[in-house]
1. Quick one: is ARG290 within 22 Å of THR191 (Cβ to Cβ), of a type in the set (D, E, K, R) and in contact with a helix residue (DSSP H, G or I) (Cβ under 9 Å, 6 or more places away or on another chain)?
2. Would you mind finding the one in ASP299, ASP293, ASP245 that is free of Cβ contacts under 8 Å to residues at least 40 places away in the same chain and closer than 21 Å to ILE43 by Cα?
3. Consider ASP9 against the criteria (1) assigned to a helix (DSSP H, G or I); (2) out of contact with any Lys or Arg (no Cβ under 8 Å at 6 or more places or on another chain): it satisfies all of them except one. Which criterion is unmet?
4. With respect to ARG317, is the statement that it is buried (at least 18 other Cβ atoms within 10 Å of the Cβ), among the basic types (Lys, Arg) and assigned to a loop (DSSP other than H, G, I, E, B) true?
5. Only one of ALA92, ALA70 is touching a Gly at 6+ places or on another chain (Cβ under 7 Å) and either crowded, with 20+ Cβ neighbours inside 10 Å or not polar (S, T, N, Q) (or both); which?
6. Here are LEU285, LEU289: which of them is modelled with pLDDT of 95 or more, in contact with a His (Cβ under 7 Å, 6 or more places away or on another chain) and part of a helix (DSSP H, G or I)?
7. Does LEU16 meet the test of being touching a residue at least 24 places away in the same chain (Cβ under 8 Å), in a loop (DSSP other than H, G, I, E, B) and surrounded by 21 or more Cβ atoms within 10 Å (Cβ to Cβ)?
8. Restricting to segment 194-223, name every residue that is touching a Leu at 6+ places or on another chain (Cβ under 9 Å), among the hydroxyl-bearing types (Ser, Thr, Tyr) and within 24 Å of ALA251 (Cβ to Cβ).
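The values are calculated or read from the model by the stated rules, or taken from the named source; none is laboratory data. Predicted model, so just to flag it, every value in this text is computed and none were measured. Cβ atoms come from the backbone with ideal geometry, glycine included; neighbour counts cover every protein chain shown.
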Amino acid sequence: MQYRRLGRDGPLVSALGLGCMGMSWAYGAADESEAIATIHHAIDRGVTLFDTAEMYGPFTNERLLGRAIAGQRDRLVIATKFGFRFNKDNVATGTDSRPEHVREVCDASLGRLGIEVIDLFYQHRVDRAVPIEDTVGAMADLVRAGKVRYLGLSEASAATIRRAHAVHPITALQSEWSLWERDIEAEILPTLRELGIALVPFSPLGRGFLTGQARPAEDYPASDYRRQDPRLQVNNFAANMRLVDAVRVIAVEKAATPAQIALAWLLAQGEDVVPIPGTKRRHCLDENLRALDLRLSKDDLARIAAAAPPGGTAGPRYGERMMALVDR
């Protein structure tokens with residue numbers, strides 16, 4: 001396993017982490033036994049960074065991860081996220097990053113995960129109703145109380161990152177970054193590097209699209225997130241498949257899969273980048289980890305970038321309601 005440091009003074013973690021969301025939520029039926037086996041297999045392979053959130057389920061994914069890591073917690077870096085308000089039916093009804101809520105969620109997440117300290121605590125989405133200084137101040141109090149080790153943000157703008165970092169050091173930003181979503185490169189990525197903040201890309205495989213195995217939205221059941229994904233809709237799907245076809249050509253040359261090329265491209269962007277591809281199956285985990293051994297030349301990287309230029313993907317990455325939660 002290769003390792004990278006999160007931020008200037010953050011923890012040393014595996015160069016690829018594991019996103020656990022799909023084990024409980026969003027992408028088809030859950031299989032708890034295979035999910036736990038996948039987490040155990042990841043630990044055996046040297047993966048140390050595991051990512052979850054109260055939102056995933058909601059709440060069930062933190063419990064699943066907690067059961068899976070019992071007895072092995074000391075070797076791992078556990079990241080979770082807060083920032084939503086839920087009604088009595090556990091449906092998210094908006095954002096909530098009020099300081100008192102931050103403290104409540106931290107205690108609840110610790111209980112669900114069965115751990116004494118959260119290694120990396122992210123604000124899941126910026127709450128425009130609460131000054132970021134107030135939210136990060138409450139997060140910093142949790143660090144001083146010994147309940148949290150490091151702080152993170154998710155989908156925050158460059159301006160918000162600067163304001164947050166002025167209150168307490170931000171160790172990592174989690175944001176979508178992949179060959180089909182490159183909008184952070186112009187402003188956010190330079191800001192992170194100036195401040196010494198690591199980037200943890202989620203959906204580095206474009207919600208599975210960059211594996212070459214995705215299907216049009218209408219082929220997924222109504223309960224599957226991909227049914228609503230604008231980039232999988234009929235008018236966008238064929239155009240976006242051209243990107244996968246271009247990546248597949250390079251994959252064949254390298255005796256690799258499109259997924260491995262997509263992950264290797266991200267890993268080559270800098271030692272401060274730690275992608276967290278999500279999977280709920282052991283064989284997919286193994287495929288992803290083989291990207292760590294793939295070496296891409298400058299020419300390879302240029303060809304891949306040219307095949308997937310910023311803004312070159314057809315359709316927005318979220319629907320209107322979810323895009324409104326992205327701080328840009």
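1. Criteria not met by ARG290.
2. ASP293
3. Status for ASP9: all satisfied but (1).
4. Working: buried (at least 18 other Cβ atoms within 10 Å of the Cβ): yes; among the basic types (Lys, Arg): yes; assigned to a loop (DSSP other than H, G, I, E, B): yes.
Yes, satisfied.
5. ALA70
6. LEU285
7. The answer is yes for LEU16.
8. Within segment 194-223, THR211 is the sole residue that qualifies.
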